[in-house]
Amino acid sequence: MSKQEKKQSFLGGVATLTMAVFAVKVIGALYKIPLGNVLGTEGMTHFNAAYKIYSFLLSLSTAGLPLALSKLTAEARALGRRNQSRALLRVALCLFAVIGTVGTALMFFQAEALAGMMNNSLAYWPIRALSLSVVCVCIMSAFRGYTQGCENMVPSATSQIIEAIFKLLVGLTLAWYWISLGFGVEIGAAGAILGVTVSTVLAMGYMIFHHVRHQREPASADVPDKDSVLLGRILSIGIPITLGASGMSLLTLIDQSLVMGRLQTVLGLTEEAAAALNGEYEFGMTLFNLPSSFIPPVTMCLIPFVSAALARKDHAQTAKLVSSSLRLTMLLALPAGVGLSVLSGPILQMLYPAQAESAAAAAYHLRILGLASVFVCIMLLTNGILQAYNRARIPVLTLLVGGVCKIVMNYILVGNPDIHIKGAPISTLCCYLIIAGLNLYFVWKYSPEKPRYFSVLLKPALASAVMGGAVWAVYGFAGRALSGHSAYGANALATLVSILAGVVVYFILVLALQILRADDVRSIPKGAWLIRKLHLK
């Protein structure tokens, strides 16, 4: 017998997706870090060129539409219109399948042209190997959006873990094997990318299986709107969100193309030499994306829950959800960004021993990008809040402003022979600082109850600053104490000890400054037990 979807609370859903993201990132580290050692800076540039094109096409096809489906499904179910929610899924599946097929065809048949657009002809094979993933992820995203709208985050979390596991097993194995056979790094990158394709096929299969198993629900008497009306509503909500998300991916595409082009034209580097130099920046970008990966669980839960609250005209619940999401984001983003900035060099040296020179050069980039990651987290959360408020066009405009700033600064700084690639992280920091600042203003403007930014930001910022100082001091002390041992072992141990010290210091400060509240953990698994043990108020 088929089973029904189980609903979760907002924070319970956030906890589910966050734990999944944590597991995915651990598995991803086991994939990306050895992959960087296998492919080197040049191979990672080819890998990232293909992945950025894929991300752009993916965001263009799925970034806003699943969130629109999630929002509309949550609204329909909040009003008891279950037939409407099922009709929304049917329409969305047809739409997503068509869009995904177009994206797959574009990547497969136009791989050479796309590689040329990136000023990286050797990215041809990785781009083609990734093409099938687009249609698979589109179909999977429709089911994810629907289950999230049903306030059940478990299927999405499970499918993410399936993706991560098989990407690791297949991709890393193929990359290592083909490189060991003597193929070029571009073929090794294609092998790594092929693991992504296999993983998306399997994750899509799981989401289809889950839906078939849980599709039976109580009968509903509501008459759903016509398919054309539902399609129009999905597009009217999804397109502005898509423009904002695809704009971010387009920004990274333009960023890499512009950087590669300026390095070749201004500095006179060959394509391979430019790829190697740009790879130093890409090494830093891998960890730069780590803190922001924990924000989508918050926004994916926030949008359907806020939409349902607004449908019920429950403004008090809306304000409570927004406040909790802001506090949780600052609680995660600030210490992560500060930690990456303070320990940029030691972390990279520990993770990439086979690429020691590249890791040392990338430390400068990560030092700046660590701070920029905080503003990326703020941008992603405020985008979600504005989208839940039906203000989805605002993130598109703020992204445009920040994007213009990034492009202009990259053109000037990277084109300066005295600065060259070192200008890329500076432009990234300025870009996301501008976007985050503008978004915070508009959230404040359109919130029924104005958020108290000072109280939300001040305590986590203070705790993160103290933690950063403690991490720096512990690393220096541990490094001197271990100076008689091997250079790699001493650095790795000192880094791990300082990270552990930072976690302990920050945890103590969170409790001492009462940054974490009882309401923030009440709905998560074992929340009542945590409240008692930590004496939360």
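For a label point 7 Å from the Cα of residue 154 along Cα→C-beta, name the residues of the range 16-40 whose backbone N is under 20 Å from it.
Only 16-24 pass the distance filter.
For Cα pairs less than 8 Å apart in space and 6+ apart in sequence, what is the mean separation divided by the residue count of the chain, i.e. the relative contact order in percent?
Normalised by residue count, the contact order of the chain is 19 percent.
Under 18 Å Cα-Cα from residue 406, which aspartates and glutamates qualify once same-chain neighbours fewer than 8 residues away are excluded?
255, 282
Separation of the range 417-459 and the range 250-291 by C-alpha centroid, Å?
Each part's Cα centre sits 23 Å from the other's.
Take the alpha carbon gyration tensor of the chain, find the square roots of its eigenvalues, order them as a ≥ b ≥ c, and report rounded if a/c is under 1.5; if not, report prolate when a/b exceeds b/c, else oblate. Could you put the intermediate results ahead of the total?
Details: a/c = 1.62, a/b = 1.21, b/c = 1.34.
The shape class here is oblate.
What full-extension length gain, to one decimal in nm, is calculated for residue 98 and residue 407 as 0.36 nm per residue of separation minus the Cα-Cα distance? Show your work: numbers first, answer last.
Details: separation 309, 0.36 × 309 = 111.24 nm, distance 3.25 nm.
Extending this stretch completely gives an extra 108.0 nm.
Would you give the gap between the C-alpha center of the range 324-363 and the C-alpha center of the range 79-127, rounded to a whole Å?
32 Å
Take the Cβ-Cβ distance between residue 472 and residue 180 as r, set R0 to 60 Å, and report the resulting FRET efficiency rounded to the nearest 0.05.
It comes to 0.90.
Evaluate the charge dipole of the chain about its Cα centre and quote only its size in Debye, nearest 20, assuming +1 on the Cβ of each Lys and Arg and -1 on the Cβ of each Asp and Glu.
Value, rounded to 20: 2180 debye.
Of the heavy-atom accessible surface of the chain (probe 1.4 angstrom), what whole percent is carbon and sulfur? Before the final figure, lay out the partial values.
On the way: 15180 of 22140 Å².
Using a 1.4 Å probe with all protein chains present, the chain comes out at 69 percent carbon and sulfur.
Sum -39500 (n - 2.57) across every DSSP H segment of at least 4 residues in the chain, then divide by the residue count to get the 222 nm mean residue ellipticity, nearest 500.
Details: 21 runs with 431 residues, N = 537.
It lands at -27500 deg cm²/dmol.
Treating cross-link reach as a plain straight distance, find the aspartates and glutamates whose alpha-carbon is under 16 Å from the alpha-carbon of residue 450, omitting any fewer than eight places away in the same chain.
Result set, ordered by chain and number: 314.
Once both labels are modelled 7 Å past Cα along the beta-carbon direction, what's the residue 215-residue 481 spacing in nm?
Here the modelled spin labels are 6.1 nm apart.
Under a point spin-label approximation (7 Å from Cα along Cα-to-Cβ), what is the residue 416-residue 314 distance to one decimal in nm?
Inter-label distance under the simple model: 5.3 nm.
Separation between the residue 30 and residue 441 pseudo-spin-labels, each 7 Å from Cα along Cα→Cβ, expressed in nm?
4.7 nm
Taking 0.36 nm per residue of sequence separation and subtracting the Cα-Cα distance, how much length would be gained by fully extending the chain between residue 390 and residue 452, in nm to one decimal? The partial results should precede the final answer.
On the way: separation 62, 0.36 × 62 = 22.32 nm, distance 2.13 nm.
My answer for the length gained is 20.2 nm.
Could you tell me whether the range 368-521 comes out rounded, prolate or oblate from its Cα gyration tensor? Rule is a ≥ b ≥ c as square roots of the eigenvalues, rounded for a/c under 1.5, then prolate if a/b exceeds b/c, otherwise oblate. Let's see the in-between values first.
Numbers: a/c = 3.37, a/b = 1.28, b/c = 2.64.
Oblate shape, in that a/c is at least 1.5 and b/c is the bigger or equal ratio.
Pull out the extension gain between residue 267 and residue 532, defined as 0.36 nm times the separation in residues minus the alpha carbon to alpha carbon distance; nm, one decimal.
89.3 nm
The values are calculated or read from the model by the stated rules, or taken from the named source; none is laboratory data. Remember, it's a predicted structure, so these values are computed and weren't measured experimentally. Glycine gets a Cβ as well: all are built from the backbone with ideal geometry, and neighbour counts include every protein chain shown. For accessibility, only protein heavy atoms count, side chains too; no ligands or nucleic acids. Shrake-Rupley method; radii C 1.70, N 1.55, O 1.52, S 1.80 Å.
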